[in-house]
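No lab work stands behind these numbers, since they all come straight from the coordinates. Note that the coordinates shown come from a computational prediction; the quantities given were computed from them, not determined experimentally. Neighbour counts run over all protein chains shown; Cβ positions are idealised from the backbone, glycine included.
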Amino acid sequence: MTDRTVSPSRMNLLILKDQELAARGALELLRSKREALARELFAIAEQAVATRGAFSETIRRAAWALAVSLGQEGRADVESAAFAARREIPVSISERSFWGIRIPEIRWHGIVRSTDARGYSFAGVASPTQAAAREFEKALEAVLEVVALETRFKKIGGEIGKSTRRINVLNEVILPELRAGTRAILLALEERERENVFRMKRFKGRSR
C-alpha cells in the first residue's frame, strides 16, 4: 500500500509502517546479497586472470607441438593419429545454490590421457605427434576452465545488476512513497485531533 490517497486512519498508518519495515528489511537483505555476490565475482575475476594467462601459454605450446609434428611426420600421419584418438569429451553441467541463485558448474575429468589410452599403437605414432596430442588435450582442459569461470562470472554479474536495480527501486520509489503516505496520514490525524479539540472546547463553552 503506497497510495498517498489512502484513508487517513490509524489502521492504515500501522499498515504503512509495517510495509516500510518490511521494505527496509528487504533493502538490507539485498545489500548483503550484493556484497556477497561482489566478493564472489572478484574471486572469480582473479582466477580468470590467472587462467587466461595459462590458457594463452597452453595454446601457444599446443600450436608449436602441432607444427613440429606436421613438419616431421606429415599431415596424413598426424590426421590418422587424430582419427584414431577421437572420442566424446566427458563433460557434465550441474548447479549450486548461492544466495538463492542457481550457478552453473561445469565439470570434467580424464581430458589429458596417457599415451596408451588414445586408441593408437604407441609404436606406430611418432613422439612429436604424441606430444602434440598431449598438448592439445591440455589446451582443451584450459578452454573448459576458461568457459567454466566466464559462465559463473556472467551469471553472478547479471545477478549483481538485478540486485542493484531492486535496491534502487526500494530506495528511490517504494520507501519514499511509504514515508510520504505515512506523513500524509499523520498530518491528517493531527489535523483531525485539533479539530476534535476545537469542537470539544466549543461544546464546553456552549454548555456553560
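Annotations
- Charge dipole (Cα centre; +1 on Lys/Arg Cβ, -1 on Asp/Glu Cβ; no other charges) of the chain amounts to roughly 2000 debye.
- The chymotrypsin sites (Phe, Trp or Tyr not before Pro) of the stretch 94-139 that meet both conditions, a loop assignment by DSSP and at most 13 other Cβ atoms within 10 Å of the site Cβ, are 122.
- Modelled FRET efficiency - R0 45 Å, residue 117 with residue 166, Cβ distances, 0.05 increments: 0.35
- Cα convex hull volume per residue for the chain (Å³): 133 Å³
- For the stretch 22-137, the calculated P(r), taken from all Cα-Cα distances in 10 Å bins from zero up to the bin holding the longest distance, is 11, 28, 23, 16, 11, 7, 3, 0 percent.
- Sparsely packed loop sites in the stretch 86-171 (the trypsin sites (Lys or Arg not before Pro) outside DSSP H, G, I, E and B with at most 14 other Cβ atoms within 10 Å) comprise 86, 87, 113.
- Averaging the sequence gap over all C-alpha pairs within less than 8 Å and six or more residues apart, then dividing by the number of residues, gives the chain a relative contact order of 39 percent.
- Dipole orientation for the chain: of the candidates 22, 56, 78, 22 has the Cα lying most toward the positive pole (charges on Cβ; Lys, Arg +1; Asp, Glu -1).
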